[in-house]
1. Taking region 49-155, which chymotrypsin sites (Phe, Trp or Tyr not before Pro) meet the DSSP loop condition and have no more than 16 other C-beta atoms within 10 Å?
2. Taking region 65-148, which GluC sites (Glu not before Pro) meet the DSSP loop condition and have no more than 14 other C-beta atoms within 10 Å?
3. How long are the semi-axes of the equivalent ellipsoid of region 15-106, defined as square roots of 5 times the Cα gyration tensor eigenvalues? Whole Å, largest first.
4. Given a Förster radius of 25 Å and the C-beta distance between LEU10 and TRP75 as r, what FRET efficiency does 1/(1 + (r/R0)^6) yield to the nearest 0.05?
5. Please give the length that would be gained between ASN52 and ASP128 if that part of the chain were fully extended, namely 0.36 nm times their separation in residues minus their C-alpha to C-alpha distance (nm, one decimal).
6. For the chain, what percent of Cα pairs sit more than 27 Å apart?
7. For helix 73-87, what angle does its Cα long axis make with the longest principal axis of the chain, in degrees from 0 to 90 and rounded to 10?
8. Trypsin sites (Lys or Arg not before Pro), restricted to region 64-125: which are DSSP loop and have at most 15 other Cβ atoms within 10 Å?
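All of the numbers you see were taken from the coordinates with simple rules; none came from a lab. None of these values were measured; they are calculated from a predicted model. Note that each Cβ is placed from the backbone with ideal geometry, even for glycine, and that neighbours are counted across all protein chains shown.
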Amino acid sequence: MKVMKKIAKLLLLLFIAIQFFRPEKNINQGNHLASFINETNPPENVKIIFINSCYDCHSNNTEYPWYNNIAPVSWWLSNHIKDAQVDLNLSDWDSYDKMQKKHNLEEIIEVIEAREMPLKQYIWFHPDAGLTGEQREAIMEWARSTKVLYELGPLPR
Ligand code: HEC
């Protein structure tokens, strides 16, 4: 029993110690999504989907839950966000060339069709982020019609 107590104490100390290691937050105010919105022009219902279900991971601004203040949850969230941004950061829309933009839209269709996004773990904590069939149709429809923008015309910029 003594050993158990010692271990519990050690774990508690460790837990306190890791609280000092805070990942940098992904927080940006202002117009970081303007070029994405202006160029791809999502209708209001699709905009809402992005706000409720995607931007926390795929933009330069995350609305953090309170439990993000607790390590190691904060580390876990931070890694998810970084991984997500590598694949798709809608705040960096300008940094993608035509082919990449088209590819991004195709990927969006794929992940929505396969119900891979938003991530399941995210829906557990954000029940509103789950998409209805109608919402999935709406975002895919928008992506299909917007993709055409990047299929025509001369060389990629
Ligand atoms: C909780 C964070 C999170 C949310 C919310 C989220 N994603 Fe992701 N997304 C990720 C991560 C992490 C990846 C990297 C691939 C992986 O680990 O599955 C990813 C990858 C992607 C990819 C690239 C897939 C590929 O195969 O290259 C697309 C496209 C995507 N997400 C679209 C979306 C859309 C659209 C939404 C909203 C409906 C969304 N995601 C919501 C975390 C998230």
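1. none
2. Listed in order of number, the matching sites are GLU116.
3. Numbers: eigenvalues 164, 38, 23 Å².
Sorted largest first and rounded, they come to 29, 14, 11 Å.
4. Efficiency computed from Cβ-Cβ geometry: 0.80.
5. 26.7 nm
6. That tail contains 34 percent of the Cα-Cα pairs.
7. The helix 73-87 is inclined about 20 degrees to the chain.
8. Answer by residue number: ARG115.
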